[in-house]
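Laboratory data are not the source of any read-out in this text; all were calculated from the coordinates shown. Note that the structure is a prediction, hence the values are computed from the model and not measured. Please note: Cβ atoms are built from the backbone with ideal geometry, for glycine as well, and neighbour counts cover all protein chains shown.
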Amino acid sequence: MSASFSTTLPVAPEATREPIQAVLDTVHARNPHEPEFLQAVHEVLESIAPVLEQHPQFVEGGILERLVEPERQILFRVPWVDDEGRLRVNRGFRVQFSSVLGPYKGGLRFHPSVNLSIIKFLGFEQIFKNALTGQGIGGAKGGSDFDPHGRSDAEVMRFCQSFMNELYRHLGEHTDVPAGDIGVGAREIGYLFGQYRKVTNRHESGMFTGKGVQWGGAEVRTEATGYGAVFFVEEMLGRHGDSLAGKRVGVSGSGNVAIYAIAKAHQLGATPVTASDSSGYIVDDAGIDVGLLRQVKEVERGRISEYAVRRSGARFVEAARPWEVPVDVAVPSATQNELDEADADALIGNGVRAVAEGANMPSTPEAIEAFRRAGVLFGPGKAANAGGVATSALEMSQNAARQRWSFDDSEAKLRSIMKDVHDAAFDAAERYGHPGDYVVGANSAGFERVAHAMLAQGVI
Ligand code: NDP
Ligand code: 2IT
């Protein structure tokens, strides 16, 4: 299948379009069964034409050809025994995409949908997101098709131990530093870190981020992605003399990112009215009660419908997505491609002003195009959810220095990092002739940094 350009993204002159198209064609030919990876590559390559125009050395240096091929891909068997004594076998992945700016860095996802395409799209995105933070971290992603839902703690522990029995040899504080993602939270990180410590006989704090704050974890890492996404909205609105105060906010998901996006929206004077999981969404016009949400999802590991049972005035809508609810700001924070063109049209029809992606690639390309056409402020995941990995880098710094920073200092650092990420994307969009387009801006600013480093370090 030949790749094609979308119509309203930067249209480059022939000299730039040809090499981009050639790389896209190769990527399609080599990875025909990886739709999510192809989607992520298209989004980046189609938006950086103006960068290549101004820097022909990036084309001559073969930057694109190298960037779309991971430096290393690790696929492995994860055998474990369930509580009934039955043998189970899952598949483990770690795709180490780029170490040009620092050790490989990116989360682990445990979800039944995980496959190579999903891990590669996430790893590819991570390169540019991490570059955009300005910190010295490369890009990677990993995980498994293991589903922790409904598994006992003992089963999750045995699975994590088996997973780490293989992956440990590819990790290390200067080599590759995982963190959480969907299905990998405090419990899983504890078991994974513990097994790494046992098999290596090293207490190497900086080899994993998102650890418990009692044993090397950084303050604010748990909150960072959700808080950061909301800070990003505040920055986008601020550029237009507006703010979050008094706004209705629609959030999807009810996991780590969603919960803390909802909490920060409250703190900044907005009213977060929705949350969801894979069974449906809740709407609570009085504003989501964060304490009850955390009780249902974090403590009881229950379903979001339970929230509506216990909270008067809230209702649960089964098998639907929250984008039909009128809001001023949307923060999709569940998973990839959870907001399509029809959802975007519904949000636009209801007057949405800003969208910030808490999740990775939650909006389909058609939805992004609809937001663009309608002039909605749109913060792509690479920028809007970069607060999580940026705070992971702060955790690595604290581990290396054997320091522990306070919650308030760490939150102030996150706030300032999100402003810098916003400004880097905003300025790059202007510099490359697409003012206000944060997709072009974030991709260009991240790509520039990676490409300069790759040129300087030679063909490796
Ligand atoms: P969690 O596992 O804590 O929560 C995931 C939430 O999304 C759950 O509510 C889950 O519902 C829902 N969800 C997951 N898969 C699907 C699906 N296929 N359809 C509908 N709902 C789904 O994960 P996180 O909050 O950590 O991650 C959410 C998103 O944010 C992901 O895209 C992740 O890559 C991204 N992200 C996370 C960061 C982090 O620091 N944690 C950093 C940057 C981005 P259910 O329980 O029903 O599956
Ligand atoms: O997608 C992401 O940025 C994450 N899941 C967090 C990665 C990290 O290393 O903190």
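Less than 26 Å apart at the alpha-carbon level, and either on another chain or at least 8 residues along: which lysines does that give for residue 419?
105, 129, 141, 211, 247, 264, 382
What's the Kirkwood radius of the range 128-241 in Å, using all Cα pairs?
Result for the range 128-241 stands at 15.8 Å.
Within the range 152-171, name every residue whose backbone N is under 17 Å away from a label modeled 7 Å from Cα of residue 87 along the Cβ vector.
From the range 152-171, the list is 159, 162-163.
With the calculation restricted to Cα positions, what are the radius of gyration and Dmax of the range 302-460 in angstrom?
18.9, 62
So what are the radius of gyration and Dmax for the Cα set of the range 1-160, in Å?
Cα-based Rg and Dmax for the range 1-160 come out at 18.6, 63 Å.
Work out the charge dipole of the chain with +1 on the Cβ of Lys and Arg and -1 on the Cβ of Asp and Glu about the Cα centre, then indicate which of 189, 453, 62 is farthest towards its positive end.
The listed residue farthest towards the positive side: 189.
Can you compute the charge dipole magnitude of the chain about its Cα centre, using +1 on each Lys and Arg Cβ and -1 on each Asp and Glu Cβ, nothing else charged? Give it in debye, rounded to the nearest 20.
Working: 46 positive and 59 negative charges, 292 e Å.
With Lys and Arg at +1 and Asp and Glu at -1, about 1400 debye.
Of 325, 302, 78, whose Cα points farthest to the positive end of the dipole of the chain (charges on the beta-carbon: +1 Lys, Arg; -1 Asp, Glu; origin at the Cα centre)?
78
Under a plain spin-label model, where a point goes 7 Å from the Cα along Cα-to-Cβ, how far apart in nm are residue 397 and residue 341?
Between residue 397 and residue 341, the simple spin-label model gives 4.4 nm.
Would you please state which residues of the range 315-356 a label at residue 279 would reach in this model, taking the label point 7 Å out along Cα→Cβ and a backbone N cut-off of under 12 Å?
Residues 316-319 fall inside that zone.
Excluding the sites themselves, what is the longest stretch of the chain that contains no GluC sites (Glu not before Pro) in a DSSP loop with at most 12 other C-beta atoms within 10 Å? Kindly include the intermediate steps, with their values, before the conclusion.
Numbers: sites that count: 84, 300.
The longest uninterrupted stretch comes out as 85-299.
Which listed residue (165, 115, 238) has the Cα farthest towards the positive end of the charge dipole for the chain, taking +1 on Lys and Arg C-beta and -1 on Asp and Glu C-beta about the Cα centre?
165
Once each part is reduced to its C-alpha centroid, what is the distance from the range 137-204 to the range 359-437 in angstrom?
One Cα centre to the other: 25 Å.
Could you quote the convex hull projected area for the chain, Cα atoms only and averaged over all directions, in nm²?
20.9 nm²
May I ask you to compute the full-extension gain from residue 213 to residue 28, defined as 0.36 nm times their residue separation minus their alpha-carbon distance, rounded to one decimal in nm?
Values: separation 185, 0.36 × 185 = 66.60 nm, distance 4.33 nm.
Computed gain between residue 213 and residue 28 is 62.3 nm.
Dividing the Cα convex hull volume of the range 208-272 by residue count, how many Å³ per residue is that?
Details: hull volume 5.7 nm³, N = 65.
Roughly 88 Å³ of hull volume per residue.
Along each principal axis of its Cα atoms, how long is the range 25-111 end to end? Whole angstroms, biggest number first, please.
61, 29, 17
With a ≥ b ≥ c taken as the square roots of the eigenvalues of the C-alpha gyration tensor of the range 204-342, please select rounded if a/c is under 1.5 and otherwise prolate if a/b is larger than b/c or oblate if it is not?
Cα axes put the range 204-342 in the oblate bin.
Magnitude of the Cβ-charge dipole of the range 181-239, K/R +1 and D/E -1, about the Cα centre, nearest 20 debye? Intermediate results must be reported in sequence, preceding the final value.
On the way: 7 positive and 7 negative charges, 74 e Å.
Using Cβ point charges on Lys, Arg, Asp and Glu, the range 181-239 gives about 360 debye.
Hey, what number do you get for the chain at 222 nm if only DSSP H runs of n ≥ 4 count, each worth -39500 (n - 2.57), divided across all residues, to the nearest 500? Let's see the in-between values first.
Values: 18 runs with 218 residues, N = 460.
Calculated from helices alone, the mean residue ellipticity at 222 nm is -14500 deg cm²/dmol.
Please work out the FRET efficiency for the pair residue 301 and residue 18, using the Cβ-Cβ distance as r and a Förster radius of 60 Å; give the result to the nearest 0.05.
Approximately 0.70, to the nearest 0.05.
Treating only the Cβ atoms of Lys and Arg (+1) and Asp and Glu (-1) as charged, compute the dipole magnitude of the range 358-428 about its Cα centre; round to the nearest 20 debye.
Computed charge dipole of the range 358-428: roughly 80 debye.
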